[in-house]
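The values are calculated or read from the model by the stated rules, or taken from the named source; none is laboratory data. Bear in mind that the values here come from a model prediction, so they are computed numbers and not experimental data. Glycine gets a Cβ as well: all are built from the backbone with ideal geometry, and neighbour counts include every protein chain shown.
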Number of protein chains: 2
Amino acid sequence: MLELYHGEPAANSLKSMLCLNEKGLDFVSHFLDLHEFEQHSPEYVKVNPNGQVPALVHDGAVITESTLINEYIEDVFPEPRLRPADPLARWQMRYWTKFVDEYFCPALSILGWQRMIKPMVEHLTEDEFEEKIQRIPLKEQQDKWRTAAKQAFPKEQLDDCQRKVETSIRKIEAALAENEWVAGPDYTLADVSCFAMMAGMPRFHHAILNEDLTPRCIAWHERMMARPAVEATYALGRNPAFRPAGKQAPD
Amino acid sequence: MLELYHGEPAANSLKSMLCLNEKGLDFVSHFLDLHEFEQHSPEYVKVNPNGQVPALVHDGAVITESTLINEYIEDVFPEPRLRPADPLARWQMRYWTKFVDEYFCPALSILGWQRMIKPMVEHLTEDEFEEKIQRIPLKEQQDKWRTAAKQAFPKEQLDDCQRKVETSIRKIEAALAENEWVAGPDYTLADVSCFAMMAGMPRFHHAILNEDLTPRCIAWHERMMARPAVEATYALGRNPAFRPAGKQAPD
């Protein structure tokens, strides 16, 4: 029995939702409304004490960290293969999933928090907000929420994040000049990780991700959007705004 | 043919040196003197364009990122096993290697840079220093060198790093209350990753890693020091100061 706790199909939640769907696995989808802070609820903190999504529960065992969830899924359900058999190609794939986790995602995440959290919490009184913050298990996350609620990330940090996101996109564009998929000739977990970050970027970061500047990224994004597993993943969301506009899967 | 480019047996260099030695693999050791900035030399940047160690060269292919080097070694040379066969135990191992890479290592690294870089560069004139900095391929690394040379990391950042290092040690101490090794009953790449960080800590961070506060970490450190592969790893260094004092391998 497989269960996935996840938010809207975006970022790290999207990463593991897409992997499960690419494998064609049946799983129970537990949707948590991050706008209602459901990931910090006492019920969910029993599942993942860090209060973060996604979390996979497989026959009662809790597996966290989206990149490691995907490696686990690959270990248990190797077909269809999303991790190359050749060790060098496999290293190449992991190079990308690690790059996403340590460079691209943290930078993109700060820009997203700066944009999204304040509108999400400004209807709360200070006491209501503080009550929600106190439930967050990780100190780092509490700090990030407090800063984001005031849109108070320092300009220097935001500029640095913007530079890292642009560097990430240029790097992926260069990789796609070499191969059809990010880590080589085959579709792998590297594409899953990159798409988890880039899915919404043609809308929110159009200035750096568009047909003129990054034609290969845009074409790859369209190939991703045409995958049935991507369609199945968006079907598990609640808010249609999370589904990128653009070309649909061919009939 | 295997070649490893590495610095002294410490941190990320130690991580991959130890993995190769645990496997009993023959490899050519290319020692780079980080105190002489050899990792930024034009010759080495041809091997690893990021100018960072370690880098493994296997039959001409360059493999970087110490955690991924170790996964690659495991993929190509599976015996003796350092990655559990059971998927859940394997996830547990990866949880720790990821924790080291994303939380423990970055925090410990800043504290080490604050302590070590200034004495290492203060004999240089400003022009000599700037010439060395200009050779560093990554902007992030250039910034870190400039800040470290002046011991100018903000106090708030240093306090945060200290807190994270202490949290890391407490987490490992708790894991060692459950099992003999960090990720479970077997010695794995999780122990290799944690030792790469903790090897020098009983000396440099004695206040938080000692027999009173963290007896299980100290006992584990001694078990690590008694491993022949650890001894073989220290034999590849140049500066004996990098070898932790303490109990030796039993005869």
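If the condition is being under 15 Å from residue B:205 (Cβ atoms) and away from chain A (no Cβ under 14 Å), then segment B:99-131 contributes B:108, B:110, B:111, B:112, B:113, B:114, B:115, B:116.
State all residues of segment B:193-224 that are of a type in the set (Ser, Thr, Tyr) and within 26 Å of residue B:69 (Cβ to Cβ); if no residue qualifies, say none. B:193, the sole residue that qualifies.
Per-residue answers, yes or no, for (1) more than 28 Å from residue A:90 (Cα to Cα); (2) assigned to a helix (DSSP H, G or I):
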| position | (1), (2) |
| --- | --- |
| A:160 | yes, yes |
| A:171 | no, yes |
| A:207 | yes, no |
| A:211 | yes, no |
| A:216 | no, yes |
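Go through B:183, B:174 for me and flag whichever is surrounded by fewer than 16 Cβ atoms within 10 Å (Cβ to Cβ) and either within 18 Å of the chain's Cα centre (by Cα) or not charged (D, E, K, R) (or both). It is B:174.
Would it be correct to say that residue B:63 is within 9 Å of chain A (Cβ to nearest Cβ), within 19 Å of residue B:187 (Cβ to Cβ), among the aliphatic types (A, V, I, L, M) and surrounded by 22 or more Cβ atoms within 10 Å (Cβ to Cβ)? When the stated conditions are applied, residue B:63 does not pass them.
Counting only strands (runs of 3 or more DSSP E) that fall entirely inside segment A:1-90 and contain at least 3 residues that are touching a residue at least 40 places away in the same chain (Cβ under 8 Å), the qualifying elements are A:2-6, A:55-58. Within segment A:132-149, if we keep just the residues that are among the aliphatic types (A, V, I, L, M) and over 18 Å from residue A:165 (Cβ atoms), the residue that is nearest to the other protein chains (Cβ to nearest Cβ) turns out to be A:138.
Among the residues of segment A:177-200, are any assigned to a loop (DSSP other than H, G, I, E, B) and at pLDDT below 95? Checking segment A:177-200: at least one residue is assigned to a loop (DSSP other than H, G, I, E, B) and at pLDDT below 95. Of all residues in segment A:94-107, none are over 25 Å from residue A:160 (Cβ atoms) and small (Gly, Ala, Ser). Consider residue B:9 carefully, then state whether it is surrounded by 22 or more Cβ atoms within 10 Å (Cβ to Cβ) and either touching an Asp or Glu at 6+ places or on another chain (Cβ under 7 Å) or under 30 Å from residue B:203 (Cβ atoms) (or both). Yes: the conditions hold for residue B:9.
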